[in-house]
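The values are calculated or read from the model by the stated rules, or taken from the named source; none is laboratory data. Source: prediction; values computed, not measured. Counting neighbours? That spans all protein chains shown, and the Cβs are built from the backbone with ideal geometry, glycine included.
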């Protein structure tokens, strides 16, 4: 049995940025204290802050990265890394799924209660995230994986439980906009969306989950829990997720039937 990926206490993207940041500092022969004194236009920061950035325990600002890039003679490298690794690190530190989505060839998901994050409108996401603008922006930015030109976007399919269509989130106006957005994305072929009638017999009722197929055909799963999500690579876990997808899909409506049902919900409940 392959070992399950260890759950870290720091963001993997922040840790990658911090490691490179530390190597640049060490290449200059400076201690954390020496670099800390140069930060903030000479006003300095604590050495502990430098250590937290290097260990991936905190998310620095772009202004800080720009200043450090100058002091460490990095020629713009830290800014490139910031945009790639740190900008969207408003995700919880345990959430590394957003690093999997862009690399996947195929994404499959079952969502029992809420509209999938890659399909959410800003207003719907804001209602869920209590108006946290940074968190909303980070979630919406994830959606670019579905519209990019190169490499082609992953094949994306969602099994959306009927409950999520009737579950008030924010306001009726927000729900109407959200479901019309889902219809548009489905009709444009951005997502293969099927509605699952609300029943309790299938394996998916244990909770929302996602399954990513990578270019080398390996698979990674992500399951939601009360406290946090869990990213899984153990073959037995992947097999369980695959079985659950088959179980749920066997009860789903066709794509055309699903779109018509969503239209009906919009007209009868949210208009």
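Is there a residue being over 30 Å from residue 61 (Cβ atoms), out of contact with any helix residue (DSSP H, G or I) (no Cβ under 9 Å at 6 or more places or on another chain) and modelled with pLDDT under 95 anywhere in segment 183-201?
Keep residues of segment 183-201 that are over 30 Å from residue 61 (Cβ atoms), which gives 183-201.
Of the ones still in play, those that are also out of contact with any helix residue (DSSP H, G or I) (no Cβ under 9 Å at 6 or more places or on another chain) are 184, 188-189, 200.
Among the residues that remain, those that are also modelled with pLDDT under 95 are: 200.
Yes, because at least one residue in segment 183-201 is over 30 Å from residue 61 (Cβ atoms), out of contact with any helix residue (DSSP H, G or I) (no Cβ under 9 Å at 6 or more places or on another chain) and modelled with pLDDT under 95.
Please pick out the residue among 20, 7 that is at pLDDT 90 or above, under 30 Å from residue 210 (Cβ atoms), surrounded by fewer than 20 Cβ atoms within 10 Å (Cβ to Cβ) and outside the structural domain of residue 235 (by TED's automatic domain parsing). Spell out the reasoning first.
Values: 7 fails: at pLDDT 90 or above.
Testing whether each residue is at pLDDT 90 or above, under 30 Å from residue 210 (Cβ atoms), surrounded by fewer than 20 Cβ atoms within 10 Å (Cβ to Cβ) and outside the structural domain of residue 235 (by TED's automatic domain parsing) leaves just 20.
Looking only at segment 225-271, count every residue that is touching a residue at least 60 places away in the same chain (Cβ under 8 Å) and in a loop (DSSP other than H, G, I, E, B) and tell me the total.
Pass one, segment 225-271, residues touching a residue at least 60 places away in the same chain (Cβ under 8 Å): 228-237, 244-245, 248-249, 252, 254-255, 257-259, 261-263, 265-266, 269-271.
Going one step further and asking which of them are in a loop (DSSP other than H, G, I, E, B), we end up with 228-229, 233-234, 252, 254, 270-271.
Number satisfying all stated conditions: 8.
Would you mind stating whether residue 144 is farther than 28 Å from residue 197 by Cα, outside any helix (DSSP H, G or I) and without any contact (Cβ under 8 Å) to a residue 24 or more places away in the chain? I'd like the intermediate steps shown before the answer.
Details: farther than 28 Å from residue 197 by Cα: yes; outside any helix (DSSP H, G or I): no; without any contact (Cβ under 8 Å) to a residue 24 or more places away in the chain: yes.
No: the conditions fail for residue 144.
Hey, can you tell me all the residues within segment 164-179 that are surrounded by fewer than 16 Cβ atoms within 10 Å (Cβ to Cβ) and in a helix (DSSP H, G or I)?
Of all residues in segment 164-179, those surrounded by fewer than 16 Cβ atoms within 10 Å (Cβ to Cβ) come to 166-168, 171-173.
If the condition is that a residue be surrounded by fewer than 16 Cβ atoms within 10 Å (Cβ to Cβ) and in a helix (DSSP H, G or I), then 166, 172, 173 are the ones that fit.
Do we find a residue being touching a strand residue (DSSP E or B) at 6+ places or on another chain (Cβ under 6 Å) and not assigned by TED's automatic domain parsing to the domain that holds residue 59 anywhere in segment 130-140?
Taking segment 130-140 first, the residues touching a strand residue (DSSP E or B) at 6+ places or on another chain (Cβ under 6 Å) are none.
For segment 130-140, residues touching a strand residue (DSSP E or B) at 6+ places or on another chain (Cβ under 6 Å) and not assigned by TED's automatic domain parsing to the domain that holds residue 59: absent.
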